[in-house]
Amino acid sequence: MAPAHDAESVATVDDEDVIAGLYKPSFKREFTNLATISFAFSIMGMCSSIATTFNTPLLLGGPASAVWCWILGACMCFTLGASIAEIVSAFPTSGGLYTASAQLCPPKQRALTGYLIGWMNILGQIAGISSTEFGLSNMIWAAVSVGKGGNVNITQGKVVGLFVALLVVHGILNSLATRMLARLTSGFVFVNVGATVLIIIVLLACTGKDNMNSASYVFGSEGIVNQTGGWNTGLAFLFGLLSVQWTMTDYDATAHISEEVQRAAYAAPSAIFIAVIGTGLIGWLLNIVLVLCSPPLDQLPGPSGLAFMEIMHQRIGTAGALILWVPVVATAFFVVQTALQACSRTIFAFSRDRGLPDGKYFAHVSPITQTPLRAVALTTFLSILPGLLDLASPIAANAIFALTAMALDLSYIYPIFLRRWYRNHPDVNFTPGPFYLGDGILGWAANIICIVWTLFVCIIFALPTVKPVTKDNMNYASVITVGVVFLALVWYIVQARHHYTGPVSDIQSNHGSKAPSVELSAPYEKGDKNATASE
């Protein structure tokens, strides 16, 4: 293997790996280990994600729900992250789990499996970009409200207008060359983690001991407060899971930039593993400190509408809160930047495999920037559409946003299920990558736990969070998810099955012959890599 410091040699080895899987190298491998880890941390956006979702556990199940549900969900997310990292290590392509799912089942199922997982993953990512950008717009207007003492009229038009402008900026930034994207991404992790640590320190320093809440309020029964209007206390407590599950999702985003990462089979899964652990532990500490330093519940969420902001405002003061809010907003900005990059690579891969009815139009890579500019433009446009729904119906917009975690998590557990269910099938050859959980009790436990947990959490996602249930507070996420899957199936039967056969070889297709479905697997134990590459 080439020396670690020789980036050009490492890129060559990675390109051979892609060729061994019958995919032609399409991007320059400019993402170093640091940039890849930073990307994985940024996609979760620990600080900003907690800021935008902290209202849910705090105001539904109470302070203790925010604390305990976070660490419970983080532990379960660790099993999901590890399971995904194992598959990403074996299939380090821009298609991510979409490509893997089609290769982890028998040939007769590959087309339909890849098609459904591809669409669910893309839709989940689009909804995630929109919801995060929408949250960023609200965070900026919340700062304006605090800065002006609440004397500002924030309309839906203003929020949506800023939302669209921010997405256009992210689309332009994602049009930069891969080298520039890698350099830009490298610093994200320091802002993300640094902002979180700084807020923790400042809150503890500025909150007098007399103003801190008791241990029972933070960890015990005093902190369990059912404010759902009718659900039992146990379910109200479990609604606190929505924050951690929302934050710790989009694990496979790092996989989607695998073809731009040096030593991707090692770096991509390692980055996912590190980011999940770091986000889980540091995020738990932040939740504890926020609850410890929070004012009485009847004063939250405050004029800004965000309990996170109001806690900082009351404990640190207006000036200090606004100063610390800047890196929080920056973190949310970075989340959208990385999420849009990952989604555009998924669309690129899906188009490359003829999963879109576009004649591979969006599989084009710009010779100037070496990035899929058409896919970036399409991702930006599609991400704007859900936000525009807020102008007509905030209920519909919220339903689209709630789709994110449900669609993404379901698209994750299916390939994990296939990897175990068809482990002994003669037509399925799963060759582990460097990151491998094994076939012992550890690997099986991680896979089973994450599947059962995700199905359980999806039930929580589908429930309205308050009672009585009306058309104004109904949770339509489950209806939309089922509807999307149904429409995708109908489209597949009517049209897509005629042009989509699953992941295909673009090397053979470049030679003029029809590209068949191919089996992708990690090349590390193969002895015929050079022979395959030379074909």
Packing-based order for 173-186, 93-106, 314-327, using average beta carbon neighbours within 10 Å, highest first: 93-106, 173-186, 314-327
Which labelled figure in [x] 43, 26, 19; [y] 39, 24, 23; [z] 38, 31, 25 is semi-axes √(5λ) of the Cα gyration tensor in Å, once derived from the coordinates: [y]
Ranked by how many other beta carbons lie within 10 Å on average, peptides 429-442, 372-385 from highest: 372-385, 429-442
Karplus-derived 3J(HN,Hα), 6.51/-1.76/1.60, for each residue of the range 206-216, Hz, glycine and proline x: 8, 8, x, 4, 5, 8, 7, 7, 6, 5, 5
Using θ = phi - 60° and Karplus 6.51 cos²θ - 1.76 cosθ + 1.60, couplings along the range 56-65 (whole Hz; Gly, Pro as x): 4, x, 5, 9, 10, x, x, x, 5, 5
Virtual paramagnetic centre 7 Å along Cα→Cβ of residue 222, amide N under 20 Å, in the range 281-297: 287-297
Within the accessible area of the chain (1.4 Å probe), percent carbon and sulfur: 66
For the range 241-254, 3J(HN,Hα) per residue [Karplus equation, 6.51 cos²θ - 1.76 cosθ + 1.60, θ = phi - 60°, Hz, x = Gly/Pro]: 5, 4, 5, 5, 5, 5, 5, 9, 9, 6, 4, 7, 4, 5
Relative contact order %, the chain, counting alpha carbon pairs below 8 Å whose residues are six or more apart: 33
Spacing of the two label points (7 Å from each Cα toward its C-beta) at residue 444 and residue 486, in nm: 3.8
Simple label model, 7 Å out from Cα along Cβ direction - residue 179 to residue 370, nm: 0.8
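So, in the chain, how many Lys pairs have Cα atoms under 20 Å apart, if the pair is 8 or more places apart or on different chains?
Step by step, the pairs that qualify in the chain add up to 7.
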5 angstrom amide H check on residue 431, placed H, neighbours 5+ away: 522
Inter-label distance for residue 391 and residue 72, nm, one decimal - labels placed 7 Å from Cα along Cα-to-Cβ: 4.2
The chain - mean residue ellipticity at 222 nm from DSSP helices (-39,500 (n - 2.57) per run, n ≥ 4, rounded to 500): -22000 deg cm²/dmol
Average accessible surface area per residue within the chain, 1.4 Å rolling probe, Å²: 37
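Give the peptides 62-69, 284-291 in descending order of average Cβ contacts within 10 Å, highest first.
Per-residue mean Cβ counts within 10 Å order the peptides as 62-69, 284-291.
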The chain: angle of helix 264-292 to the longest principal axis, Cα-based, in degrees nearest 10: 10
FRET efficiency for residue 165 and residue 424, using Cβ-Cβ distance with R0 set to 51 Å, rounded to 0.05: 0.45
Solvent-accessible ranking of 403, 34, 123, largest area first, probe 1.4 Å: 34, 123, 403
Loop-located trypsin sites (Lys or Arg not before Pro) in the range 75-157, at most 15 other Cβ atoms within 10 Å (DSSP): 148
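The values are calculated or read from the model by the stated rules, or taken from the named source; none is laboratory data. Since the structure is predicted, the reported quantities are computational estimates derived from the model, not experimental observations. Reconstructed Cβ throughout: ideal geometry from the backbone, glycine too, with neighbour counts over all protein chains shown. To get the accessible areas, we keep the full protein, side chains included, count just its heavy atoms, and leave off ligands, DNA and RNA. Shrake-Rupley method; radii C 1.70, N 1.55, O 1.52, S 1.80 Å.
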